[in-house]
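A short reminder: the numbers here are calculations on the coordinates, not readings from a lab. It should be emphasised that the depicted structure is a prediction, and the values quoted were computed from it without experimental measurement. Glycine gets a Cβ as well: all are built from the backbone with ideal geometry, and neighbour counts include every protein chain shown.
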Amino acid sequence: MSIIFQKIMLEEIGQIVTGKTPSSNVIGAFSSSGIPFVTPKDMDGRRWIETTERYLSEAGRQSLKNYLVPKDSVAVSCIGSDMGKAILLKKDSVTNQQINTIIVDASKHNPKYIYYVLSLKQEELKSIAGGSATPILNKGHFSKVVIELPDKVDQDNIVQVLDSLDCKIELNNQINQNLESMAQAIFKSWFIDFEPVRAKIAAKQEGKDTELAAMCAISGKSEAELKQMAEDDLAELQETASLFPDELVESELGEVPKGWEVNSLGNICNFTPGSAFKPEYQGQTQGEIPFIKVSDMNLNGNEIFIVKANNYIDSSLQKERKFKLHEEGATVFAKIGVALISNRRRVLTMPTIIDNNMMSASPLKGLSTPYYLYLLLKTIDFNTLVSGTALPYLNVSDLRKILIVHPIINLLNKFELMANPLLQKIKLNSMQCEGLVTLRDNLLPKLLSGEIDASVLNGEHG
């Protein structure tokens with residue numbers, strides 16, 4: 001059965017509210033918690049906005065109580081070059097004046113459906129705003145934007161399909177964040193806080209079993225819980241504990257575990273710059289070698305691995321142009337511009353060409369390992385190494401000179417064995433997310449146009 005669509009203006013869908021920023025006269029308007037204060041900067045690719053860079057205190061909320069919009073409203077950025085982004089509000093929120101929000105009449109329309117429709121309208125909204133240096137879509141013009149909507153039953157059916165895909169993507173991303181937190185916690189415990197070493201030192205001073213103390217520190221288990229472990233796992237844990245010394249010694253970086261050395265970052269990895277990206281490669285998808293740019297570092301919310309690129313080239317062109325292939329397992333990062341300031345790091349999942357605005361760090365065999373290096377680089381704030389004001393760039397010679405506390409290679413190998421299952425699971429989840437994103441993006445326009453019947457996909461018809 002074909003879906004019947006009706007043209008309707010946004011102002012007919014629900015109340016539209018343009019946000020506002022608290023007056024400078026309001027003392028302590030912002031807080032570290034409270035009512036989310038949404039700005040276009042928070043519209044970073046998420047479907048739902050629950051956490052924001054800033055929140056309103058009670059004083060801030062009171063000063064803008066007429067601008068509070070309820071959860072499940074649809075917010076759209078309406079000013080600037082990046083205008084037209086749509087998001088859903090997870091909580092009651094206030095937005096700034098760059099955002100118009102539709103408080104959807106949920107008795108007539110599904111808020112998620114309105115979000116999906118507007119998510120495809122970014123270019124159209126930009127064109128309505130005009131081509132000025134700072135395009136603005138004011139409330140009056142935004143209210144009169146016309147979209148096509150089916151009845152609520154059809155909206156609900158379509159949302160059921162798209163929402164199930166988005167929920168799985170969001171769940172995978174949440175699992176990945178938890179897994180990365182686990183890997184980071186192990187890294188911090190071993191290589192930043194030296195917890196197994198400190199546990200041994202404390203046990204030695206108390207005349208207790210130093211190895212057992214380290215085993216408890218590494219596993220997070222009590223001595224009683226250790227006795228319940230399988231024999232092989234216990235032996236593996238004991239072997240790991242034996243690699244940590246029971247003494248800290250003074251160094252130029254303060255106290256460090258005995259036997260570890262202070263080394264410079266440039267001595268444990270290779271830093272390699274990227275290649276010049278030309279317009280002729282833009283949008284090519286047929287080649288087998290990814291050619292990534294800085295923008296690929298945040299595709300679909302992937303926080304660790306680059307599993308997809310926007311541009312590919314074939315191997316013959318790579319050889320002809322002598323483009324450097326950066327190895328699988330290398331960590332890549334921006335070396336110039338705004339992305340540098342954001343301190344993003346990503347790990348390559350295949351040999352890849354990178355843009356000359358980027359750089360890779362690959363571990364030197366016997367001195368470093370891929371995941372150790374990735375997590376080590378995440379602890380370094382590149383902003384401390386930035387030169388230039390108009391266009392910040394990374395001073396790589398300073399990066400190479402950064403001093404680190406460098407453990408023995410046997411311990412690095414042990415860490416890699418522990419971190420590897422966590423990171424591999426993240427990689428698999430990220431790859432699954434890419435497939436789900438592709439499926440959702442292909443279905444989205446076809447479902448919204450009625451080309452595909454959502455009720456069939458939901459199994460409502462035989």
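Here is how the numbers come out for the structure above:
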read-out: Cβ-based exposure ranking for His141, His109, in which fewest neighbours within 10 Å come first; value: His141, His109
read-out: At q = 0.11, 0.18, 0.22 Å⁻¹, base-10 log of I(q)/I(0) for segment 110-239 (Debye sum, equal scatterers on each alpha carbon); value: -0.66, -1.07, -1.20
read-out: Residue exposure sequence - Leu377, Leu412 - by fewest surrounding Cβ within 10 Å; value: Leu377, Leu412
read-out: Added length on full extension, which subtracts the Cα-Cα distance from 0.36 nm per residue, Ile192 to Glu434; value: 83.8 nm
read-out: GluC sites (Glu not before Pro) lying in DSSP loop within segment 382-462, provided at most 11 other Cβ fall within 10 Å; value: Glu451, Glu460
read-out: Added length on full extension, which subtracts the Cα-Cα distance from 0.36 nm per residue, Asn263 to Met182; value: 26.6 nm
read-out: Karplus-derived 3J(HN,Hα), 6.51/-1.76/1.60, for each residue of segment 103-119, Hz, glycine and proline x; value: 8, 5, 6, 5, 6, 10, 9, 8, x, 5, 5, 4, 4, 5, 4, 5, 5
read-out: Dimensionless Rg/Rh of the chain - Kirkwood Rh, Rg from C-alpha atoms; value: 1.03
read-out: Residues listed by number, segment 1-24, amide nitrogen under 17 Å from Glu124 label point at 7 Å toward C-beta; value: 4-14
read-out: Net charge over other residues, Cβ less than 15 angstrom from the Cβ of Lys365 (K, R count +1; D, E count -1); value: -3
read-out: Under 30 Å, Cα to Cα: Lys pairs in segment 190-296, sequence gap 8 or more or different chains; value: 13
read-out: Exposed-loop-free span, longest in the chain, where trypsin sites (Lys or Arg not before Pro) count as exposed if DSSP calls them loop and at most 10 other C-beta atoms lie within 10 Å; value: 1-226
read-out: Distance in nm between pseudo-label sites at Lys168 and Gln282 (7 Å out along the Cβ direction from Cα); value: 3.4
read-out: Size of electric dipole in the chain: Cβ of Lys, Arg +1 and of Asp, Glu -1, about Cα centre, debye, nearest 20; value: 1380
read-out: Geometric extent, Cα atoms of segment 6-149 - Rg, Dmax (angstrom); value: 14.6, 48
read-out: Dmax and Rg, reported as Rg then Dmax, of segment 84-168 (C-alpha, Å); value: 14.1, 42
read-out: Cα-only Debye scattering, segment 190-313: base-10 log of I(q)/I(0) at q = 0.15 Å⁻¹; value: -0.80
read-out: Overall dimensions of segment 286-402 by Cα: Rg and Dmax, Å; value: 14.2, 40
read-out: Cα centroid separation, segment 273-295 to segment 223-239 (Å); value: 49
read-out: Glu148-Asp105 pseudo-label distance in nm [points 7 Å out on the Cα-to-Cβ vector]; value: 2.2
read-out: Cys167, Cys216 arranged by Cβ crowding within 10 Å, fewest neighbours leading; value: Cys167, Cys216
read-out: All-pairs alpha carbon distance profile, segment 212-262, 10 Å steps from 0, percent; value: 24, 41, 23, 11, 0
read-out: Of every Cα-Cα pair in segment 322-462, the percent that sits beyond 22 Å; value: 55
read-out: Computed [θ] at 222 nm, helices only, for the chain once each DSSP H run of length n ≥ 4 contributes -39500 (n - 2.57); value: -11500 deg cm²/dmol
read-out: Degrees between helix 195-205 axis and first principal axis of the chain (Cα, 0 to 90, nearest 10); value: 40
read-out: Mean separation of Cα contacts under 8 Å (6+ apart) over length of segment 265-406, as relative contact order %; value: 31
read-out: Inter-site label distance for Thr51 and Ser342 at 7 Å from Cα along Cβ, in nm; value: 1.6
read-out: Pairwise FRET efficiency - Lys221 versus Val249, Cβ, R0 = 30 Å, nearest 0.05; value: 0.55
